[in-house]
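Working notes, beginning with the structure itself.
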Amino acid sequence: DQGRDMLSAIFYGLRISLAVGAASTVLALVIGLAAGLSAAYLGGRFEAMVMRIVDIQLSFPAILIALILIAVLGQGTGKVIAALVTIQWAYYARTVRAAAMVEKRREYVEAARCLALSPARIVFRHLLPPLIVVATVQVAAAIALEATLSFLGLGLPITEPSLGLLIANGYQYLLSGKYWISFFPGIALLLTIVSINLVADQLRDVLNPRLQK
């Protein structure tokens, strides 16, 4: 049954896309968190160096950096994740550094230090909420970028077809009456990205203390 096979392929591709997006986001979050906090609290030349690297990277389109990295590293699931991590970490580093520079001057942070609270507790209590929102948005961005690479034939291998590869497989049949081969995976990709962004908006409202009554 073609409908059942298509549905199975879409669910499998969705699972692959979510796994790649989540894995790259977690790794990039760890790297960006470490770089941003180090830049904020060490300052000086180290901060300037880290932020210049971030500025240079963010000045280029993400798809261009991804294409260059894939051309250098080659294809494969691990290499696609590495490319996505390289692209994403700068967003977290800038977010963490900006939040840390603001938060460390707040009175409640000084009070927490006076109460001998651990630095890790202070950091995760006050810097983690905005990071959760950014990470959720970046999962959607990673899925979209991975789908773009797979559609171009530069992403995941055929043995692990993501939604982007499923769309590419049916692209040549769009005008032959078999539009559904690309249409339904495309709808699944669109709904996934929109849903993740909606969750990010909801998390922003929940985690923002100014919006809480």
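The values are calculated or read from the model by the stated rules, or taken from the named source; none is laboratory data. Given the structure is predicted, the values throughout are model-derived calculations rather than measurements. Glycine gets a Cβ as well: all are built from the backbone with ideal geometry, and neighbour counts include every protein chain shown. Ligands, DNA and RNA are excluded from the accessible area calculation, which covers all protein heavy atoms including side chains. Shrake-Rupley method; radii C 1.70, N 1.55, O 1.52, S 1.80 Å.
Looking only at the stretch 40-54, filter to residues that are in a helix (DSSP H, G or I) and without any contact (Cβ under 8 Å) to a residue 40 or more places away in the chain; which one of those is surrounded by the most Cβ atoms within 10 Å (Cβ to Cβ)?
So the residue we want is 53.
If residue 195 satisfies every condition in (1) modelled with pLDDT of 85 or more; (2) open to solvent by less than 50 Å² (accessible area, probe 1.4 Å); (3) not hydrophobic (A, V, I, L, M, F, W, C) but one, which is the exception?
All conditions are met except number (2).
Can you tell me how many residues in the stretch 139-166 are open to solvent by 20 Å² or more (accessible area, probe 1.4 Å), of a type outside the set (Phe, Trp, Tyr), assigned to a helix (DSSP H, G or I) and in contact with a Phe, Trp or Tyr (Cβ under 9 Å, 6 or more places away or on another chain)?
Residues meeting the conditions: 3.
So which of 33, 27, 37, 7 ends up being in contact with a helix residue (DSSP H, G or I) (Cβ under 7 Å, 6 or more places away or on another chain), within 30 Å of residue 185 (Cβ to Cβ), in a helix (DSSP H, G or I) and not small (Gly, Ala, Ser)?
Matching residue, one of 33, 27, 37, 7: 27.
Within the set of pairs 6+ apart or on separate chains, which have a first residue in the stretch 84-101 that is more than 11 Å from residue 29 (Cα to Cα) and part of a helix (DSSP H, G or I), a second that is open to solvent by less than 40 Å² (accessible area, probe 1.4 Å) and of a type in the set (Ser, Thr, Tyr), and C-beta atoms under 7 Å apart?
84/24
Among the residues that make up the stretch 173-191, is at least one of them part of a loop (DSSP other than H, G, I, E, B), surrounded by 22 or more Cβ atoms within 10 Å (Cβ to Cβ) and of a type in the set (A, V, I, L, M)?
no
Of all residues in the stretch 62-103, which are farther than 22 Å from residue 19 by Cα and buried (at least 17 other Cβ atoms within 10 Å of the Cβ)?
Residues satisfying the conditions are 93, 94, 95, 96, 97, 99, 100, 103.
Here are some residues: 19, 9. Which one is under 24 Å from residue 193 (Cβ atoms) and open to solvent by 40 Å² or more (accessible area, probe 1.4 Å)?
Sole residue among the options that is under 24 Å from residue 193 (Cβ atoms) and open to solvent by 40 Å² or more (accessible area, probe 1.4 Å): 19.
Collect the residues in the stretch 28-39 that are open to solvent by 70 Å² or more (accessible area, probe 1.4 Å) and free of Cβ contacts under 8 Å to residues at least 60 places away in the same chain, keeping them in residue-number order.
Passing the criteria: only 30.
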